[in-house]
């Protein structure tokens, strides 16, 4: 049985449990040694060639390393580790500059990714220096795939390591983007003229990030979101602090979370740790590039902000005029200024 969860309607999650047979027109393709297709891109190309709008493809991948395998996705589908092999890695390893100049997976449709590892994505600084594990340019305005009301990108149980950018999305104001139980480790571009982020969501309907780890990021942010709704909950975010237990370098992160255009933001239950290698005294930033949306709210609750790197750490920063940040049961350890300016804080 395949679990397809967290298809979002502007931040509202609908949980689905569907067998292959329950999805009308579902087609399963297998990838790996001894399977029908030797590469993921070969299976995706077959799916993309299908002109039937009702078919939904599930691509099951045998664990192993797939070197310089660059799928181009143009129709709704799911790419996942073989469900009989859960726990063993499927590694998409780039050892050459990305030929599409975008991402290891380049996506233009609704996509579910489950249990994949992306590593080594890069392009030259002249092209932006932002090679991504997943580059999403979903152009759909609705529908497509099981239970979909709006266009979506769903990433589950996946790892992004040593890429210039982990995930990078384009502009689709109706799209929901979900990242669950995933890891973003030691990503980034050391070139300060083209620095990148672990997870960068441009204009979208919603971003939800849960139960994930972000660490070792170079220069840029762990999470940057321009979505109308941003929900970051129950994650571990390291801002310039190493963690040997999960294989993280200290990096040189600027911010743990950046919501530069405001909107509806909820940050809850996270462990946010700032270390000496951070390039910024701020840990979380909201609205510093101007409020884009008509509706803006900012809720921060049950987080643990810990600074072990600077005497001038700021937990949450806003420009004036600010959106009042509602704080509930947050813990600030070693953080000189929990909220700046202090007048922007409303404590529950």
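When a/c is below 1.5 the answer is rounded, else prolate if a/b is larger than b/c, else oblate, so apply that to the stretch 299-348 with a ≥ b ≥ c taken from the square roots of the Cα gyration tensor eigenvalues. Judged from the Cα gyration tensor, the stretch 299-348 comes out oblate (a/c at least 1.5, b/c at or above a/b).
Over the chain, calculate the relative contact order: mean separation of alpha carbon pairs under 8 Å at least 6 apart, over the residue count, as a percent. Kindly include the intermediate steps, with their values, before the conclusion.
Details: 1119 pairs, mean separation 32.3, N = 348.
The value is 9 percent.
The stretch 212-348: percent of C-alpha pairs farther apart than 20 Å?
Value for the stretch 212-348: 39 percent of Cα pairs lie more than 20 Å apart.
Here the chain carries DSSP beta bridges of which approximately 5% are antiparallel, counting only pairs with both residues inside. Shape class of the stretch 23-98 from the alpha-carbon gyration tensor: oblate, with a/c at 1.5 or above and b/c at least as large as a/b. Its relative contact order, with pairs defined as Cα atoms under 8 Å and 6+ residues apart, puts the stretch 217-348 at 22 percent. Among 119-125, 251-257, 63-69, sorting by the average number of other beta carbon atoms lying within 10 angstrom of each residue, highest first, gives 251-257, 119-125, 63-69. The modelled label-to-label distance for the pair residue 276/residue 211, using points 7 Å beyond Cα in the direction of Cβ, is 3.6 nm.
Which of the peptides 99-110, 334-345 is most tightly packed, and how do the rest follow, going by the mean number of other Cβ atoms within 10 Å of each residue?
Working: 99-110: 21.4, 334-345: 16.3.
Sorting 99-110, 334-345 by mean packing, highest first, produces 99-110, 334-345.
A crude spin-label estimate for the pair residue 52 and residue 100, with each label 7 Å from Cα along the Cβ direction, gives 2.4 nm. Give me the one-decimal nm value for the distance between modelled label points at residue 348 and residue 193, 7 Å along each residue's Cα-to-Cβ direction. Computed distance between label sites residue 348 and residue 193 equals 4.7 nm.
Length gain on complete extension for the stretch residue 292 to residue 320, per 0.36 nm per residue less the alpha carbon to alpha carbon distance?
8.6 nm
Computed from the C-beta positions of residue 312 and residue 88 and an R0 of 35 Å, the FRET efficiency is 0.15 to the nearest 0.05.
The three principal axes of the Cα atoms in the chain give end-to-end lengths of 60, 37, 36 Å, sorted in falling order.
Between residue 329 and residue 304, what is 0.36 nm times their sequence separation minus the Cα-Cα distance? Round to one decimal in nm. All intermediate terms of the calculation are to be shown ahead of the outcome.
On the way: separation 25, 0.36 × 25 = 9.00 nm, distance 0.91 nm.
Stretched out fully, the residue 329 to residue 304 stretch lengthens by 8.1 nm.
In what sequence, highest mean first, do 292-303, 181-192 appear when ranked by Cβ atoms within 10 angstrom?
Details: 292-303: 17.2, 181-192: 21.0.
Highest-to-lowest ranking by the protection proxy: 181-192, 292-303.
Highest mobility in the GNM of the chain, judged by mean-square fluctuation with C-alpha springs under 10 Å and restricted to 204, 277, 245, is found for 245.
Once every DSSP H run of n ≥ 4 in the chain is given -39500 (n - 2.57) and the sum is divided by its residues, what mean residue ellipticity at 222 nm do you get, rounded to the nearest 500 deg cm²/dmol? Can you show the working numbers first?
Details: 1 runs with 10 residues, N = 348.
After summing the helix terms and dividing by residue count, I get -1000 deg cm²/dmol.
Of interest is the spacing of the C-alpha centroids, which for the stretch 244-278 and the stretch 318-339 amounts to 15 Å.
No lab work stands behind these numbers, since they all come straight from the coordinates. Because the structure is predicted, anything quoted here is derived from the model rather than measured. Note that each Cβ is placed from the backbone with ideal geometry, even for glycine, and that neighbours are counted across all protein chains shown.
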